[in-house]
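Right, one structure below, let's go through it.
Throughout, read-outs are computed from the coordinates displayed, never taken from laboratory work. The shown structure was predicted, so the numbers you read here are calculated from the model rather than taken from an experiment. Heads up, the Cβs are rebuilt from the backbone with ideal geometry, glycines too, and the neighbour counts pull from every protein chain shown.
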Amino acid sequence: MIEYYGYLFRLTWPAAVMFFFIILFGAARTMECWILRRERRRSVVRDHLLSLGKTLLWVVTIGVYFFLFHRTYGDWFQRPLILQGEINSLEQAPDQRHYDLGVVDVHGVSEVFSIDEAAFQVLRSGDQVELTVLPLQKRVSKCRVIARIE
């Protein structure tokens, strides 16, 4: 499981770091508003509305960013798929940056997953493999050859 989330972090670290900084900035602004409010002895409606507006803006910003993060990188919130099956086909994708791995799993359903070049070089058609897959992106994060057909 640690390997799975490590792989996810390598793919999504800019968005994850930005999410952390947005939360950190929002928490700092909230603390600043709270401290300024406690220092003032008088209660001014304008100050309360300003604090409420800043907090509301922060909550909306976090909500929008979380929504976008969840839609783009929803694999963070799902468990990895672990599949066993036979490699049906290996081919280079049209964009020339990744490779497609056609796998027939135990139930006879054929699926196509994206795989990196290092794994592509090792695998051959007909191999029995165990794959750990990102469920939404259909990318292989870990591939283990169970049986190789010579």
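Between Ile23 and Ser110, what FRET efficiency comes out of the Förster formula 1/(1 + (r/R0)^6) with R0 = 41 Å and r the beta carbon distance, rounded to 0.05?
Computed FRET efficiency for Ser110 and Ile23 comes out at 0.50.
Taking the Cβ of Thr61 as the center, what net charge do the other residues with Cβ under 14 Å away carry, scoring Lys and Arg +1 and Asp and Glu -1?
Surrounding charge for Thr61 is +2.
Hey, can you rank 128-134, 69-75, 29-35 by average C-beta count inside 10 Å, highest first?
Averaged packing, sorted descending, gives the order 128-134, 69-75, 29-35.
So, by mean Cβ neighbours within 10 angstrom, what's the order for 57-65, 78-86 with the highest one leading?
Peptide ranking by packing, descending: 78-86, 57-65.
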